[in-house]
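The values are calculated or read from the model by the stated rules, or taken from the named source; none is laboratory data. Predicted model only: the values in this text are computed from it and were never measured. All Cβ positions, even for glycine, are placed from backbone atoms using ideal geometry, and neighbour counts span all protein chains on display. Ligands, DNA and RNA are excluded from the accessible area calculation, which covers all protein heavy atoms including side chains. Shrake-Rupley method; radii C 1.70, N 1.55, O 1.52, S 1.80 Å.
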Amino acid sequence: MLEPMRHPGPSYQRGGDRREWLADLLDDTRYALRQILAAPAFAAVAIGTLGLGIGGTTAIFSAVRAVVLRPWPWAHPERTMIVSERWRGIEGGSLTAGNFTDWRAMTSSFDAMAAEQLRSFALGDGDTPERVLGGAVSADFFAVFGIAPLKGRLFRPEEDAPGNDGVAILGEDLWRRRYGADPAIIGRAIQIDGSPVTVVGVMPASFDPSLSQEQIWRPLALTPAQIAQRDSHYLSVYGLLKPGLPPERALADLNRAADALRQRYPVENEDFSAAMRPLGEFLLGAVGSQLWVILGAVSLVLLIACGNVANLLLARAATRRREIAIRAAVGAGTGRIVRQLLSESLVMSVLASALGIVVAEVMIKVLVTAAPAG
């Protein structure tokens, strides 16, 4: 039985009454729902196909947005670089303490250059000792990223020296979990690696530049013997480019220093040169391009799904020619008939989107579970 349809009178054709338009829209929606219920097999195939396409695309785009499109939580991500050594064309080598110290002194392209050595610290205060991942960092480490502490202060230059390094900065997660977010933690002595260390600051939870979930930072405090060491590569080095300086000029500056050190220490620095990349690009590695490829693939699947549903709708429309002809005979205009058909498509799209949200939620949980650490 055909759904009763209001005849579009002159006032309606001229823009007419909004309430009448809304009433027609409600009638169209109700009729669309009845049409869907009248053909459950067709509805299940069409809605299921669109729902899977929407869900898959949404899940992958969520991963792309979270990993690739999110802004890095640093003050100047476009100027924040990771500085490394290149050995016989292989990029990504850590620096020796001596080369880091000399590169920092011999270059002028950076507002700050800092080094970090990842370490495991033993927390001995309280009833439950535990091992916590952290880093030993040079005094300019936090200046490279431009992130202010949540509580307290950062390391002072004089604390980055042997004998003056009895201080520590905690991560927010550790501060809240182990110390109950006690604001009195600043200035308090805690046991780290069996020695009393004064807490001078707390960094926000978003601060994790190496994606290693570090929770404690201590001064690097290089000794003269460590600086004299030229064959032990263990420091990750970060640099903040000066504003407006092209990265190519900074890399040339680093290579001039590397060339000078190669002349000065031919045995230890043979075949070594400088390398530099934006830190965000380094952290993403090949993951960013892989996610874009996957997003392109699932987007193509969504387009194919939309094409298949469009073909189903065309096939279904062919079986409804008699119904449409009767509507036209009783006075329904072309626009009115098209609006009815669009209403049916819109209702199916809304239902498919709801299914897509459920599918995306499940797929996101699977992606998070399967994702590599960091």
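Here the Gaussian network model covers the chain, with springs between Cα atoms less than 10 Å apart; of 24, 173, 165, 24 fluctuates the most.
Just to make sure I understand: if all protein chains stay in place, what is the order of 342, 118, 295 by accessible area at 1.4 Å, largest first?
Working: 342 110, 118 90, 295 20 Å².
Most to least solvent-accessible, the answer reads 342, 118, 295.
Among bridges DSSP assigns within the chain, what percent are antiparallel (round to 5)? Don't skip to the end; give the middle numbers.
On the way: 39 of 48 bridges.
Just about 80 percent of them are antiparallel.
Compared with the rule-of-thumb size 2.2 N^0.38 Å for a compact globular protein, the chain has a Cα radius of gyration ratio of 1.52. Measuring between their Cα centroids, the stretch 43-76 and the stretch 284-331 lie 18 Å from each other. Take every DSSP beta bridge with both residues inside the stretch 129-275 and express the antiparallel ones as a percent of the total, to the nearest 5. Once the DSSP bridges in the stretch 129-275 are tallied, antiparallel ones form about 45 percent.
Within the listed set 198, 29, 334, the Gaussian network model of the chain (springs between alpha-carbon atoms below 10 Å) gives the highest mean-square fluctuation for 334.
Could you work out the Rg to Rh ratio of the stretch 283-341, with Rh taken as the Kirkwood radius (inverse of the mean 1/r over all Cα pairs)? Show your work: numbers first, answer last.
Working: Rg = 20.7 Å, Rh = 14.8 Å.
Ratio of gyration radius to Kirkwood radius for the stretch 283-341: 1.40.
Sorted into 5 angstrom bins from 0, the C-alpha pair distances of the stretch 97-158 split as 4, 14, 18, 21, 18, 12, 7, 3, 2, 1 percent. Accessible area per residue for the chain is 53 Å², calculated with a 1.4 Å probe on protein heavy atoms, without ligands, DNA or RNA. Within the listed set 172, 270, 159, the residue fluctuating most in the Gaussian network model of the chain (springs between alpha-carbon atoms under 10 angstrom) is 270.
Out of the total accessible area of the stretch 8-127 (probe 1.4 Å, heavy atoms of protein only), what percent is carbon and sulfur? Roughly 58 percent of what the probe reaches on the stretch 8-127 is carbon or sulfur. Averaging the Cα positions of each part gives two centres, and for the stretch 143-172 and the stretch 80-101 these lie 24 Å apart. Per-residue ellipticity at 222 nm computed for the chain from its helices equals -15500 deg cm²/dmol, with DSSP H segments shorter than 4 residues left out and the rest contributing -39,500 (n - 2.57).
Loop-only trypsin sites (Lys or Arg not before Pro) in the stretch 84-132, please: DSSP not H, G, I, E or B, and at most 12 other Cβ atoms within 10 Å. Kindly include the intermediate steps, with their values, before the conclusion.
On the way: sites: 86, 88, 104, 119, 131; in loops: 88.
Those that pass, being in a loop and sparsely packed, are 88.
Summarise the accessible area of the stretch 221-293 (1.4 Å probe, protein heavy atoms) by the percent that is carbon and sulfur. Percent of accessible area from carbon and sulfur atoms in the stretch 221-293: 57.
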